[in-house]
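Participant: I'd like to ask you about the structure that follows.
The values are calculated or read from the model by the stated rules, or taken from the named source; none is laboratory data. Values in this document were obtained by computation on a predicted structure and should not be read as measured data. Here the Cβ positions follow ideal geometry from the backbone for every residue, glycine too, while neighbour counts run over all protein chains shown.
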Amino acid sequence: MDRRRFMSRPLAGGIALGSAAALQQPPTAYGQSSDLPSKFTPGAYTVPKSENSVGLTPDYFTYAEDLVIERNRPGKPHQGKVLAAVQAHSDDITLFCAGTVAKLIDEGYTGYLIRLSNDEKAGKTVGHGVVQNEIDNREAAKELGCKKAFSFYYRNHRMDDCAAIEIRQRLIFLFRLLQVNTVFLMDPYDHYDENPDHLVVGRAVEAACWMASPGGGREYPEQLKAGLKPANVREKYYHARAPQGHNLVNRVVDISSYIDQKVRANIANKGKGPAGDAGLRLRRELAMQGKRLPMLGNDDDTANFQYVKNFVMDDFRVFGHQFGLGYAEAFRYVGPEPSFQGRIRKYADANAVPL
Ligand SMILES: [Zn+2]
């Protein structure tokens, strides 16, 4: 059964209260009918889907009242800063937040793409999955403008059987080595995520940010004695996973200028995901039937590009449209924490009196 269509239509047979309430209720912002009685304020908002949706935005978002739209910034305001885009699988970053990663790198960040699984479940065979996704991770990193790609090669879909502290330690080492300031990670508090790797990786990244910091001097002190410096990870972009998700969103990033780069990063994912060579496969399939789809153009590269942009990325266009943007990605953003010690010192300096 199509779960989404089932949820958006009135219940079969009609529940008296629900039906009556629906008559009193205007349609939701996105035109769906709602049986929510008027005494309730919605706690989550339906994320509208493209007609061609491949399910890359979650069913629901909850929006924070201080939501910020992050737009293009001129020049290189992030020069000297380092970001790590961390993913369980080779398509997590490319599908859900590649536009923002590309934007920040273009605005001056040095970027690294870090994949934690070996993606063995995503190939013609287990062995093929490992090899193809290793290539894809590297190629996607290049398309995003990353300086380097890393892979930890934990077994795909079995990461909840790995030692959490080992994963965390490896991340702390890399964050210190690369002097990471900003991370991208999948929200480990995403409700209803079925994939065990996502939750494990999200939690490990989150803890590693804190433990790699200057305040974590007693965490793996041998790393510091060997010459590594603490990492100042002060910004975190948590992205949602779809379609089951329900996430808190306080930042919407305008990726309109970077959508083509996001498309190319997803074409680089040949081993898995809805993008890769799907366009050329459809073009060839139609040709076997003596047909062609004008939208897919006259060659394989154009077919791949147009397929990914018009089908796979279309949910991000529909999502952005709500905010007056061409294409957008959504995040729970955690920024630098203010220094309470500085504030107290300032208060002490202003108010201290002679003994
Ligand atoms: Zn994944």
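Participant: Among all residue pairs at least 6 apart or on different chains, which show Cβ distances below 8 Å where the first residue, located in segment 78-95, is under 16 Å from Asn266 (Cα atoms) and touching a residue at least 24 places away in the same chain (Cβ under 8 Å) and the second is away from the ligand (no atom under 16 Å from the Cβ) and not aliphatic (A, V, I, L, M)?
Facilitator: Hits for this filter: Ala85/Gly111; Ala85/Tyr112; Ala85/Cys146; Thr94/Lys262.
Participant: A follow-up question, please. Gly279 - would you say it is surrounded by 13 or more Cβ atoms within 10 Å (Cβ to Cβ), modelled with pLDDT of 95 or more and over 27 Å from Ala242 (Cβ atoms)?
Facilitator: no
Participant: Let me ask you something else. Restricting the search to segment 84-112, which residues are more than 13 Å from the chain's Cα centre (by Cα) and within 21 Å of Met186 (Cα to Cα)?
Facilitator: Across segment 84-112, the qualifying residues are Lys103, Leu104, Ile105, Tyr109, Thr110, Gly111, Tyr112.
Results for (1) in contact with a Cys (Cβ under 6 Å, 6 or more places away or on another chain); (2) surrounded by 15 or more Cβ atoms within 10 Å (Cβ to Cβ); (3) assigned to a helix (DSSP H, G or I); (4) modelled with pLDDT under 50, shown as yes or no for each residue.
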{"residue": "Phe6", "(1), (2), (3), (4)": "no, no, yes, yes"}
{"residue": "Gly13", "(1), (2), (3), (4)": "no, no, no, yes"}
{"residue": "Leu17", "(1), (2), (3), (4)": "no, no, yes, yes"}
{"residue": "Ser34", "(1), (2), (3), (4)": "no, yes, no, no"}
{"residue": "Lys39", "(1), (2), (3), (4)": "no, no, no, no"}
{"residue": "Ser53", "(1), (2), (3), (4)": "no, yes, no, no"}
{"residue": "Pro58", "(1), (2), (3), (4)": "no, yes, no, no"}
{"residue": "Phe61", "(1), (2), (3), (4)": "no, yes, no, no"}
{"residue": "Ala64", "(1), (2), (3), (4)": "no, no, no, no"}
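Participant: If you don't mind, another one. Starting from segment 241-257, keep only residues that are closer than 17 Å to Arg317 by Cα, then list their pairs with residues that are crowded, with 18+ Cβ neighbours inside 10 Å and polar (S, T, N, Q) whose Cβ atoms are within a distance under 8 Å, requiring at least 6 positions of separation or different chains.
Facilitator: Arg241/Asn195; Ala242/Thr57; Pro243/Thr57; Val253/Thr100; Ile255/Thr100
Participant: Report the residue count in segment 188-198 for those that are surrounded by fewer than 20 Cβ atoms within 10 Å (Cβ to Cβ) and in a helix (DSSP H, G or I).
Facilitator: Qualifying residue count for the region: 1.
Participant: Can you pull out every residue in segment 173-186 that is part of a helix (DSSP H, G or I) and either touching a residue at least 60 places away in the same chain (Cβ under 8 Å) or within 16 Å of the ligand (Cβ to nearest atom) (or both)?
Facilitator: Leu174, Phe175, Leu178
Participant: Out of curiosity, is Ala88 hydrophobic (A, V, I, L, M, F, W, C), more than 16 Å from the ligand (Cβ to nearest atom) and touching a Leu at 6+ places or on another chain (Cβ under 8 Å)? Break it down into steps so the answer makes sense when it comes.
Facilitator: On the way: hydrophobic (A, V, I, L, M, F, W, C): yes; more than 16 Å from the ligand (Cβ to nearest atom): no; touching a Leu at 6+ places or on another chain (Cβ under 8 Å): yes.
No.
Participant: Continuing with the same structure: Which of the residues spanning segment 199-240 are among the hydroxyl-bearing types (Ser, Thr, Tyr), crowded, with 20+ Cβ neighbours inside 10 Å and either within 16 Å of the ligand (Cβ to nearest atom) or on the phi > 0 side of the Ramachandran plot (or both)? Full working, then the answer.
Facilitator: From segment 199-240, those among the hydroxyl-bearing types (Ser, Thr, Tyr) are 213, 220, 237-238; that's our starting set.
Filter again for crowded, with 20+ Cβ neighbours inside 10 Å, leaving 237-238.
Listed by number, the list holds a single entry, Tyr238.
Participant: A further question on this structure: Hey, among the residues in segment 96-125 that are without any contact (Cβ under 8 Å) to a residue 40 or more places away in the chain, in a loop (DSSP other than H, G, I, E, B) and farther than 23 Å from His157 by Cα, which one's nearest to the ligand (Cβ to nearest atom)?
Facilitator: Taking the candidates together, the pick is Glu107.
Participant: Which pairs have Cβ atoms under 9 Å, sit 6 or more apart or on different chains, and link a residue in segment 187-204 that is modelled with pLDDT under 95 to one that is among the aromatic types (Phe, Trp, Tyr) and within 12 Å of the ligand (Cβ to nearest atom)?
Facilitator: Hits for this filter: zero, empty list.
Participant: Take segment 74-85 and flag every residue that is more than 15 Å from the ligand (Cβ to nearest atom) and surrounded by 24 or more Cβ atoms within 10 Å (Cβ to Cβ).
Facilitator: Leu83, Ala84
Participant: Still on this model: So for segment 290-298 (the condition being within 23 Å of Lys103 (Cα to Cα), out of contact with any His (no Cβ under 6 Å at 6 or more places or on another chain) and surrounded by fewer than 21 Cβ atoms within 10 Å (Cβ to Cβ)), does at least one residue qualify? Steps first, please.
Facilitator: Filtering segment 290-298 for residues within 23 Å of Lys103 (Cα to Cα) gives none.
Taking every residue of segment 290-298 in turn, none turns out to be within 23 Å of Lys103 (Cα to Cα), out of contact with any His (no Cβ under 6 Å at 6 or more places or on another chain) and surrounded by fewer than 21 Cβ atoms within 10 Å (Cβ to Cβ).
Participant: Still on this structure: What residue, of Asp106, Asp119, is surrounded by 17 or more Cβ atoms within 10 Å (Cβ to Cβ), of a type outside the set (Phe, Trp, Tyr) and at positive phi?
Facilitator: Residue meeting the stated conditions: Asp119.
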